[in-house]
Amino acid sequence: MNEENMKKLEALNNPKVMKLVKEYVELCKPEKMTVITDSKEDIGHVRNLAVTNGEEKPLKIKGHTIHFDGYYDQARDKANTKVLLSGNLCLSKCINCGDREKGIKEVLEFLDGSMKGKEMLVRFFCLGPLNSKFSIPALQITDSAYVAHSEDLLYRSGYEEFKRLNGSEDFFFFTHSAGEPDEKGNSKNTDKRRIYIDLEEEKVLSVNNEYAGNSIGLKKLALRLAISKANREDWLCEHMFVMGVHPKDKDRVTYFTGAFPSACGKTSTAMISGQTIIGDDIAYIRPGEDGTAYAVNVESGMFGIIQDVNPEDDPVIYKVLTTPRELIFSNVLIKEDVPYWLGMGKELPKEGHNFLGEWKEGKKGPDEKEVPPAHKNARYTIRINELDNADEKADDPNGVSVGGFIYGGRDSDISVPVFQSLSWSHGVYVGACLESETTYAAIGKEGDRVHNPMANLDFLVIPLGVYIQNHLKFGESLDKPPLIFKTNYFLKNKDGKFLNGMEDKKIWLLWMEGRVHNEFDAIETPIGYIPKYEDLKKLFEDVFNREYTREEYEEQFKIRTQKLLDKINRLENIFTNEMDIPSAFLKHMDQEKERLEEAKKKE
Ligand code: GTP
Ligand code: SPV
Ligand code: MN
């Protein structure tokens, strides 16, 4: 450790930081170690290192770079992500747990010498706005300049925040190593990829991977630690966007948060034209002094899905991706320093460079599968405060008062495009019963319908029953809890065609906003309140100047009674195998079943 680095660490006056850094330098054996403060020079060093060490390459547009993850490292690895618990405990059927002692021993062995010949970066960040009751300081050690650079785009710098800690041990800690590189520079030993979460010491150890969802401590790894912290401290930590909804010709903004499973619509919703974005992935939510819920974006940037971003469907994002700014593309196709991706609205080149390496049409990967030009889970990384549609309260340490929660998933044949729950506790039931088809954002089969409570299943580290109880309690503690809505953008007709266009979600959003202000009547159905045809017709006319027909409405908003009953049956099987499911939740399930059976008799 040279003098300059030592000084930077000493200035923090934090024995735990000092101890951890020394411990992991000794274990990982990097060639060099650099402590990065919040200064422009230090952060610039990380950005340059990512290019000089080959993890990123500059592209044609100023500030844009490309990073490729390894062929087998294109999504979150659920199987090798485990919550470590002492004494063979299991939290829930749906949570991947492992023995703590064995797990730590295993991952420390993989980390031993993992940074040989590389530069270890020591980073300080703040989860949530600076100097706020929401904020959680986080220490990240990594040998990947791409990971550290991504974190500079995605999170608030926290070296100064660590000084304010005054030596406290209360921070999250993440160690990551990409491990030994292969000939392309990617993690070689993906069979030894591990992401182990230690709730006891609030740390996560991650090795032999680069894909952001596995490597970036502050993203989904911190989400898991924060869910445990929120459980202890009575607030909520959710896989949610935070956005401002701005109704036309009205001088007001209403804030919404929305939970959708990975690749199911958070970014697409938060970036709808005419609205403002605070965050697109993770929110901390606490009760405010005025009796409403307050939310902040944990992050300050976006790691967004690029597939299907085109000038017609996502004009706001498309412009961001095609103008100069600091931006990292990952796993798209590159030809002559220009990026191409699936669904971008123009023809893609037949050859170029992608996550396989040199690629041309028809080429097969090491698994003998034909390789598409760009990966479905290809993404872009940007800062939110540079966007024209960034909300003015994006960094407000108090957060924003939330008018509504939205839950949504990929559901081709059951749920209506939008409805409002009957009450807070019924809304918790609706969120906890969310089902969605699996996507390319996690390794494994796509398109399987799975139960994904609050879109947070992959990140749960507390028993499902406790998680649901916390939501019930949270709403009860508020004078004015957010209204809870459910959306479904993915309803299809018999021929497999989507019943709604991409932009239709704007109408659902404006309807929900109006409901928060008591501006629309609604129809009570067995599942909750659905919009009246007349209100949607007017909204479609006002916003898109398009006719929304009664036939469209009837096909989209019919209550599919039998399918809903089948769904309850599926979920009953899951919930009876879980411990401590709150009785209020089970009562909603029984009551909804009764209402649906009644309705069925009348059909
Ligand atoms: P993570 O970043 O993985 O947490 O996901 P996200 O929830 O932010 O996903 P995102 O909004 O980026 O959704 C990605 C995919 O959903 C894209 O492939 C979109 O084309 C598709 N999508 C979003 N909105 C709609 C919609 O209204 N209709 C249809 N059919 N597809 C949509
Ligand atoms: C998700 O998978 O939900 C994402 C991308 O937002 S990441 O968690 O970074 O893999
Ligand atoms: Mn996500």
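A 1.4 Å probe run over the protein chains yields, for the chain, 41 Å² of accessible area per residue, whole-number rounding. Taking all protein chains together and a 1.4 Å probe, the residues ARG550, ARG232, ARG123 rank ARG232, ARG550, ARG123 from largest to smallest accessible area.
Given Cα positions, please report Rg to Rh for the stretch 3-233, the hydrodynamic radius being the Kirkwood one.
Working: Rg = 16.9 Å, Rh = 17.9 Å.
That ratio equals 0.95.
Proximity of backbone amide H atoms, modeled 1.01 Å from N, is registered between ASP280 and VAL242 at under 5 Å, excluding neighbours fewer than 5 places apart on the same chain.
Considering only protein heavy atoms and a probe of 1.4 Å, how much of the accessible area of the stretch 284-407 is carbon and sulfur, as a whole percent? Please list the in-between numbers first.
Values: 2340 of 5210 Å².
Carbon and sulfur atoms account for 45 percent of the accessible area of the stretch 284-407.
Taking only the Cα atoms of the stretch 304-375, the radius of gyration and Dmax are 12.7, 38 Å. Here the accessible area is traced with a 1.4 Å probe on the protein chains. For the stretch 515-603, carbon and sulfur cover 46 percent of it. Over the chain, the hull volume per residue, using the convex hull of the C-alpha atoms, is 150 Å³. Kirkwood Rh over alpha-carbon pairs of the stretch 19-129, then Stokes-Einstein at 25 °C and 0.890 mPa s: what D in µm² s⁻¹, rounded to an integer? It diffuses with D of about 141 µm²/s by this estimate. The fraction of accessible area contributed by carbon and sulfur in the stretch 3-233 is 49 percent, rounded to a whole number (1.4 Å probe; ligands and nucleic acids excluded). Taking all protein chains together and rolling a 1.4 Å probe, GLU3 ends up with roughly 130 Å² accessible. Placing R0 at 25 angstrom, the Cβ-Cβ distance between GLU446 and GLU503 gives a FRET efficiency of 0.50 after rounding to 0.05. Near the amide H of GLU435, under 5 Å away, which other amide H atoms are found, from residues 5 or more places off or on another chain, if H is placed in the peptide plane? For GLU435, the qualifying residues are ASN452. What the phi angles of the stretch 49-66 give under the Karplus curve with 6.51, -1.76 and 1.60, with θ = phi - 60°, is a coupling list of 4, 4, 7, 5, 8, x, 5, 10, 10, x, 10, 4, 6, 4, x, 7, 9, 10 Hz, glycine and proline written as x.
What the phi angles of the stretch 178-190 give under the Karplus curve with 6.51, -1.76 and 1.60, with θ = phi - 60°, is a coupling list of 5, x, 4, x, 8, 5, 8, x, 8, 3, 7, 9, 5 Hz, glycine and proline written as x.
Using packing as a proxy for protection, rank 72-83, 262-273, 210-221 so that the peptide with the highest average count of other Cβ atoms within 10 Å comes first. Please report the intermediate quantities before stating the final value.
Numbers: 72-83: 20.8, 262-273: 23.1, 210-221: 26.3.
Final packing ranking: 210-221, 262-273, 72-83.
For the set GLU555, GLU299, the ranking by accessible area, highest first and with no ligand, DNA or RNA atoms included, is GLU555, GLU299 under a 1.4 Å probe. Close amide H partners of GLY113, meaning residues 5 or more places away or on another chain with modelled amide H under 5 Å apart, are CYS28, LYS29.
Would you list GLU534, GLU524, GLU392, GLU572 from the most to the least accessible area, probe 1.4 Å? All intermediate terms of the calculation are to be shown ahead of the outcome.
Numbers: GLU534 100, GLU524 125, GLU392 175, GLU572 50 Å².
The residues order as GLU392, GLU524, GLU534, GLU572, largest area first.
With Cα atoms as the point set, the radius of gyration and Dmax of the stretch 533-603 evaluate to 17.6, 51 Å. Take ARG47: with every protein chain present and a 1.4 Å probe, its accessible area is about 90 Å². Between ASP112 and VAL338, the modelled label-to-label distance comes to 5.1 nm, taking each label 7 Å out from Cα in the direction of the beta carbon. Spatial offset of the stretch 123-158 relative to the stretch 186-207 amounts to 18 Å, using the alpha carbon center of each. When the surface is traced with a 1.4 Å probe over the full set of protein chains, HIS353 keeps roughly 70 Å² accessible. Each residue of the stretch 112-128 was assigned a 3J(HN,Hα) from its phi angle through the Karplus expression (A = 6.51, B = -1.76, C = 1.60, θ = phi - 60°), giving 4, x, 5, 9, 3, x, 10, 9, 8, 9, 10, 10, 10, 9, 10, 7, x Hz with x at Gly and Pro.
The values are calculated or read from the model by the stated rules, or taken from the named source; none is laboratory data. Everything numeric in this text was worked out from a predicted model, so none of it was measured. Glycine gets a Cβ as well: all are built from the backbone with ideal geometry, and neighbour counts include every protein chain shown. SASA here: full protein model, heavy atoms, side chains in, ligands and nucleic acids out. Shrake-Rupley method; radii C 1.70, N 1.55, O 1.52, S 1.80 Å.
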